[in-house]
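Below is one structure, written out as structure tokens; comments come after it.
Values in this text are rule-based calculations from the coordinates and carry no lab data. These numbers were taken from a predicted model, which means no experiment stands behind them. Neighbour counts are summed over all protein chains in view; Cβ atoms, including those assigned to glycine, are modelled from backbone coordinates with ideal geometry.
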Amino acid sequence: MKKEDKKYQKVEQAKGRPMLHWVGKKPLESVQFFPAQEKEVYGDKDAKDFNKLFWGDNLQVLSHLIKEYRGAVDLIYIDPPFDSKADYVKKVKVRGQKVDGLGQGTFEEKQYTDIWEKDEYLQFMYERLLLMRELLSDTGLIYVHCDWHKNSHLRLILDEVFGEANFRNEISWQYTGSLPPKNDFGRKHDTILRYSKTDKYTYKVQFTEYNEATLKRFDQEDEMGRFKITYRDGKEYKTYAKEGKNLDDNWDIPIVMKTSHESSDYPTQKPEDLLEKVLLSSSNEGDIVMDCFVGSGTTCVVAQKLGRKWIGCDINLGAIQTSTKRISKVLEEQQKGGTEDFTGSLGFKILNVNDYDVFKNELEAREIIKQMYGVEDIKRPYFDGMLDNNYVKVMPLNRVLNKMDIRSVIKKIGEQTDNLFNTKKSSKKDDAVYEEVVLVIASGIELGIEDFIKKENKTGVHIEVRDILTDKKNLIFKKKPEADIDVKTKDKKLTVAMKDFYSPILMRKLELENEKALKKESKAKVEDFKQIIDSVVIDTDYNGKLFSANQEMMDLPSKKEVIKGLYEWEYSKKGNYTVAVKVVDVLGEEYFETFEITV
């Protein structure tokens, strides 16, 4: 790398001790700058400063942020993957009461899978924590939320990246949940590791509330402004500050239940009370708060309520959509309640880094592919399942299969030869026949791939490539939703009416759920198209680049309601306008259309 190359940003190396080692550990010496594209704006589109919600790989987003925000972020909270060996799913419900067919009302959509190779996970977190340290201010703090799966590993990495002397707390978040197992203690807490960048950091004392069930009275105030508290049992006397007892590192906070008013039905959603404690104790109004594993958006929601500036990021579009909806409702409440005393921003933008426009959720696309081909799930490193006794690898579906991908497949086959493949019986009988086969499924194939495989593959295992774009399977998940929208104008008045909406991906998901339940093909059908729409947002003056969500034209119904379907707007002056309509179905698939009008 040349020093004068402005595309790259230097990353300071970690010097802490002790150091955890793993296979493939390497320092992150520099990162490439990735530009960001502004896509949408919500709230006050004339705000002086906007909060930011990024859709993209957080390594690339963090690399983008270093150029502007190095040493400027005051507080970082992250709730990264725990390596729990679980698939996290969101419960998706078709709105309304009557839905034809068995099992069509509710189904699951995978949001992300938390299954990692140990070395891969550690390198993944190491690189991102190094970049977070670059972004953190000298008085800043980072909170890393984890559990028993990886808390010991992450603490050693954090010791190395931030320095052992900068460890501040191991917070235990205690909660209630399912019954404990019969043969073990129940696991009822998560760990939150808290580190500073230097020995000078923001800390604002937080007090616990008194327990009214046991508290009897305050006795007389002493000369230091403290109060003695007498408990009902008459035996325990303690002296506290008037405000209460200083908060310790054991936090007893209920989890977000499905019936909670906070619930967004997003897996791994954290309670607002938890993030409120983090933000109130470790930041001030106007400080920049960042969460680059934003999930359901709780960090951004709480930061917005408390008047902090915030930056959120997630690679899953479902997380961006859930966060957008929650934050928009907070903005709406803040604007209705009056903003005279509010010092934060009342607007935020959604930005895209390195473009992810093909699939909303690649994990879900992979699952649909596996279901359509009949791939059977297996628990094996690297491979995604088996089909006709052959191992299957579904390659990334947001790009075409290339030669580097094939090299990776060949390498993995070689590494698994002793465990999975019998290459002795796989010797070629002629130029085209092997007994052992690995099936690679891809979305588009680079030219010359077949010849490249013949030349490079010396494993004794045949690699067969299938392209979903040319295969005979009816891979309907590639199709976008369709809508019939009626746009009319009269004088200065605009009327937008939803006439119909159809989502091929959603309907295919419903059919697959029915087939699972009925063990036979079943056609999905809903009584009213409004039942499958999650939200409608309209920009009445779209500039062709940045979609601006007008508060008056946002339809964000509750879980049990359906959209209104009819929307009106009155322009202040006559002229030519572009109206943009964005419709999101309950699965998270988007429909976008623009209309040219004259008023």
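Taking each of Lys329/Lys582; Lys45/Lys492; Lys52/Lys188 in turn, the alpha-carbon distance tops 26 angstrom for Lys52/Lys188. Students often get this wrong: which residues of region 553-580 have the backbone nitrogen under 12 Å from the point 7 angstrom along Cα-to-C-beta of Thr598? The answer is 575-577. Got a sec to turn the phi values of region 55-60 into Karplus ³J(HN,Hα) couplings, 6.51 cos²θ - 1.76 cosθ + 1.60 with θ = phi - 60°, whole Hz, x for Gly and Pro? In residue order, the calculated couplings are 9, x, 5, 5, 5, 6 Hz. Counting Lys and Arg as +1 and Asp and Glu as -1 over every other residue whose Cβ lies under 9 Å from the Cβ of Val537, the net charge comes to -2. Around the amide H of Phe34, modelled in the peptide plane, lie the amide H atoms of His64, all under 5 Å away and 5 or more residues distant in sequence or on another chain. Close amide-amide hydrogen proximity is noted between Phe54 and Gly312, Cys313, Asp314, Leu351, each under 5 Å apart and 5 or more residues distant or on a separate chain (H modeled in the peptide plane; Pro and chain starts excluded).
Remark: region 586-591, residue by residue, has Karplus-estimated 3J(HN,Hα) of 5, 8, x, 6, 10, 10 Hz, where x stands for each Gly or Pro and the curve is 6.51 cos²θ - 1.76 cosθ + 1.60 at θ = phi - 60°. Couplings 3J(HN,Hα) for region 496-505, derived from phi with the Karplus relation 6.51 cos²θ - 1.76 cosθ + 1.60 (θ = phi - 60°), are 10, 10, 7, 9, 6, 8, 9, 10, x, 5 Hz, where x marks Gly and Pro.
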